[in-house]
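Heads up, the thing below is written out as C-alpha coordinates.
The values are calculated or read from the model by the stated rules, or taken from the named source; none is laboratory data. The shown structure was predicted, so the numbers you read here are calculated from the model rather than taken from an experiment. Reconstructed Cβ throughout: ideal geometry from the backbone, glycine too, with neighbour counts over all protein chains shown. Accessible surface is based on the protein model in full, side chains and every heavy atom, while ligands, DNA and RNA are left aside. Shrake-Rupley method; radii C 1.70, N 1.55, O 1.52, S 1.80 Å.
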Amino acid sequence: MAASTEKRILLAAGEDQPGVLDEVSKYLLEHGAAIEEIRMTNLCGQFAMLMLLSGDRATLSHVSAGLEGLAHRTALQFAMQSAREDVRPEGHLYRLRMAGRHESETLRKISHLLRALGIKIDQVETRSTAEGFEMEMSFLVRREMPITNLREYVDQLLGPLKVRWDLSAL
(Lines give C-alpha, C1' and ligand atoms only; values in the text may rest on other atoms or scores of the structure.)
Protein backbone atom coordinates (compact mmCIF):
# COMPACT_ATOMS: atom_id res chain seq x y z
CA MET A 1 0.00 0.00 0.00
CA ALA A 2 1.35 3.44 -0.98
CA ALA A 3 2.04 5.98 1.74
CA SER A 4 -0.41 8.88 1.82
CA THR A 5 0.77 12.33 0.82
CA GLU A 6 0.89 14.97 3.51
CA LYS A 7 1.52 18.70 3.31
CA ARG A 8 3.62 21.00 5.47
CA ILE A 9 4.47 24.69 5.49
CA LEU A 10 8.17 25.51 5.70
CA LEU A 11 9.01 28.99 6.96
CA ALA A 12 12.48 30.47 6.52
CA ALA A 13 13.78 33.88 7.54
CA GLY A 14 17.09 35.62 7.98
CA GLU A 15 19.65 37.84 6.33
CA ASP A 16 19.40 37.65 2.56
CA GLN A 17 22.36 36.26 0.67
CA PRO A 18 23.04 34.86 -2.80
CA GLY A 19 22.05 31.22 -3.15
CA VAL A 20 19.44 30.99 -0.37
CA LEU A 21 16.74 29.50 -2.59
CA ASP A 22 19.31 27.25 -4.29
CA GLU A 23 20.47 25.85 -0.94
CA VAL A 24 16.96 25.29 0.44
CA SER A 25 15.57 23.74 -2.75
CA LYS A 26 18.64 21.47 -3.03
CA TYR A 27 18.10 20.28 0.54
CA LEU A 28 14.42 19.56 -0.09
CA LEU A 29 15.15 17.73 -3.35
CA GLU A 30 17.83 15.60 -1.69
CA HIS A 31 15.35 14.67 1.06
CA GLY A 32 12.55 13.81 -1.40
CA ALA A 33 10.10 16.59 -0.55
CA ALA A 34 8.10 18.22 -3.34
CA ILE A 35 7.72 22.02 -3.45
CA GLU A 36 4.14 22.83 -4.43
CA GLU A 37 4.04 26.59 -3.86
CA ILE A 38 6.45 29.27 -2.72
CA ARG A 39 6.28 32.90 -1.63
CA MET A 40 9.42 34.83 -0.81
CA THR A 41 10.46 38.41 -0.37
CA ASN A 42 13.38 40.60 0.64
CA LEU A 43 12.80 43.60 2.87
CA CYS A 44 15.74 45.78 3.88
CA GLY A 45 18.16 42.89 3.42
CA GLN A 46 16.02 40.43 5.38
CA PHE A 47 14.73 37.38 3.53
CA ALA A 48 11.43 35.62 4.29
CA MET A 49 9.98 32.58 2.57
CA LEU A 50 6.94 30.32 2.87
CA MET A 51 6.92 27.01 1.02
CA LEU A 52 4.14 24.47 0.72
CA LEU A 53 5.77 21.04 0.73
CA SER A 54 4.32 17.61 0.12
CA GLY A 55 5.55 14.09 0.69
CA ASP A 56 4.83 11.03 2.76
CA ARG A 57 5.06 11.30 6.56
CA ALA A 58 8.53 9.71 6.75
CA THR A 59 9.94 12.08 4.10
CA LEU A 60 8.56 15.19 5.77
CA SER A 61 9.76 14.00 9.19
CA HIS A 62 13.23 13.52 7.70
CA VAL A 63 13.12 17.05 6.25
CA SER A 64 12.05 18.46 9.61
CA ALA A 65 14.75 16.56 11.50
CA GLY A 66 17.49 18.04 9.30
CA LEU A 67 16.41 21.68 9.52
CA GLU A 68 18.86 22.45 12.32
CA GLY A 69 21.77 21.49 10.06
CA LEU A 70 20.32 23.51 7.18
CA ALA A 71 19.93 26.48 9.52
CA HIS A 72 23.59 26.18 10.52
CA ARG A 73 24.73 26.08 6.85
CA THR A 74 22.51 28.94 5.68
CA ALA A 75 22.34 31.16 8.79
CA LEU A 76 18.54 31.17 8.40
CA GLN A 77 15.84 30.32 10.91
CA PHE A 78 13.42 27.55 9.92
CA ALA A 79 10.10 26.30 11.21
CA MET A 80 7.82 23.65 9.82
CA GLN A 81 4.15 23.15 10.56
CA SER A 82 1.20 21.17 9.24
CA ALA A 83 -0.69 22.70 6.35
CA ARG A 84 -4.42 22.98 6.66
CA GLU A 85 -6.61 22.25 3.68
CA ASP A 86 -7.30 25.62 2.03
CA VAL A 87 -11.06 25.71 1.68
CA ARG A 88 -11.96 28.84 -0.22
CA PRO A 89 -15.50 30.03 -0.58
CA GLU A 90 -16.77 30.55 -4.09
CA GLY A 91 -16.07 34.04 -5.26
CA HIS A 92 -13.88 36.29 -7.34
CA LEU A 93 -10.30 37.33 -6.76
CA TYR A 94 -9.81 41.10 -6.63
CA ARG A 95 -6.82 43.42 -6.46
CA LEU A 96 -6.98 46.75 -4.64
CA ARG A 97 -4.27 49.22 -5.61
CA MET A 98 -3.78 52.35 -3.52
CA ALA A 99 -1.40 55.30 -3.59
CA GLY A 100 -1.06 58.45 -1.53
CA ARG A 101 -0.01 59.42 1.95
CA HIS A 102 -0.99 58.00 5.35
CA GLU A 103 0.22 54.45 4.67
CA SER A 104 -0.31 53.10 8.19
CA GLU A 105 -3.77 54.62 8.51
CA THR A 106 -4.77 53.35 5.05
CA LEU A 107 -3.57 49.84 5.84
CA ARG A 108 -5.43 49.82 9.15
CA LYS A 109 -8.69 51.13 7.71
CA ILE A 110 -8.74 48.77 4.72
CA SER A 111 -7.69 45.71 6.73
CA HIS A 112 -10.39 46.51 9.30
CA LEU A 113 -13.03 46.88 6.57
CA LEU A 114 -12.09 43.56 5.00
CA ARG A 115 -12.12 41.89 8.41
CA ALA A 116 -15.59 43.28 9.15
CA LEU A 117 -16.79 41.92 5.79
CA GLY A 118 -15.28 38.49 6.48
CA ILE A 119 -12.77 38.82 3.63
CA LYS A 120 -9.34 37.20 4.06
CA ILE A 121 -6.43 39.07 2.52
CA ASP A 122 -4.29 36.80 0.34
CA GLN A 123 -1.38 39.11 -0.29
CA VAL A 124 -0.19 42.64 0.56
CA GLU A 125 2.73 44.57 -0.82
CA THR A 126 3.67 48.16 0.01
CA ARG A 127 6.51 50.41 -1.05
CA SER A 128 7.51 53.97 -0.25
CA THR A 129 7.52 56.54 -3.04
CA ALA A 130 8.44 60.20 -3.31
CA GLU A 131 4.70 61.00 -3.00
CA GLY A 132 4.10 58.71 -0.02
CA PHE A 133 3.28 55.04 -0.65
CA GLU A 134 1.90 52.50 -3.07
CA MET A 135 0.03 49.46 -1.77
CA GLU A 136 -1.46 46.45 -3.47
CA MET A 137 -3.73 43.84 -1.88
CA SER A 138 -5.38 40.79 -3.32
CA PHE A 139 -8.33 39.03 -1.75
CA LEU A 140 -11.27 36.77 -2.55
CA VAL A 141 -14.70 38.40 -2.51
CA ARG A 142 -17.53 35.97 -1.85
CA ARG A 143 -20.19 35.80 -4.56
CA GLU A 144 -22.90 37.11 -2.22
CA MET A 145 -20.96 40.36 -1.57
CA PRO A 146 -22.10 43.05 -4.04
CA ILE A 147 -18.91 44.56 -5.44
CA THR A 148 -20.61 47.97 -5.75
CA ASN A 149 -21.04 47.97 -1.95
CA LEU A 150 -17.36 47.15 -1.46
CA ARG A 151 -16.40 50.01 -3.81
CA GLU A 152 -18.60 52.42 -1.83
CA TYR A 153 -17.07 51.33 1.48
CA VAL A 154 -13.52 51.75 0.13
CA ASP A 155 -14.36 55.19 -1.26
CA GLN A 156 -15.87 56.30 2.07
CA LEU A 157 -12.71 55.21 3.91
CA LEU A 158 -10.05 56.44 1.50
CA GLY A 159 -11.70 59.58 0.12
CA PRO A 160 -11.02 61.71 3.23
CA LEU A 161 -7.38 60.53 3.16
CA LYS A 162 -7.05 61.56 -0.50
CA VAL A 163 -5.74 58.10 -1.35
CA ARG A 164 -6.04 57.16 -5.02
CA TRP A 165 -7.35 53.64 -5.46
CA ASP A 166 -8.51 51.11 -8.02
CA LEU A 167 -10.36 47.84 -7.39
CA SER A 168 -10.25 45.32 -10.24
CA ALA A 169 -11.05 41.67 -10.78
CA LEU A 170 -8.10 39.39 -11.47
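Just checking the listed ones, Ala71, Ala99, Ala130: in the Gaussian network model of the chain with Cα springs under 10 Å, the one fluctuating most is Ala130. Shape of the stretch 8-79 from the C-alpha gyration tensor: prolate (a/c of 1.5 or more and a/b above b/c, with a ≥ b ≥ c the square roots of its eigenvalues).
The Cα center of the stretch 98-139 and the Cα center of the stretch 1-51 differ in position by 27 Å. Classification of the stretch 77-157 by its C-alpha gyration tensor yields an oblate form. The axis ratio a/c (a ≥ b ≥ c) is 1.5 or more, and b/c is at least a/b. Ligands, DNA and RNA are left out, and with a 1.4 angstrom probe the accessible area of the stretch 120-170 is 64 Å² per residue. Taking the helices alone, the chain has a mean residue ellipticity at 222 nm of -9500 deg cm²/dmol, built from -39,500 (n - 2.57) per DSSP H run of at least 4 residues and averaged over all its residues. Each Lys and Arg Cβ is given +1 and each Asp and Glu Cβ -1; about its Cα centre, the stretch 84-170 then shows a dipole of about 140 debye. Please state the shape class of the chain: rounded when a/c is under 1.5, otherwise prolate if a/b exceeds b/c and oblate if not, all from the C-alpha gyration tensor. Oblate. For the peptides 157-166, 38-47, 58-67, the ranking by packing is 58-67, 157-166, 38-47, with the highest mean count of neighbouring Cβ atoms within 10 Å listed first.
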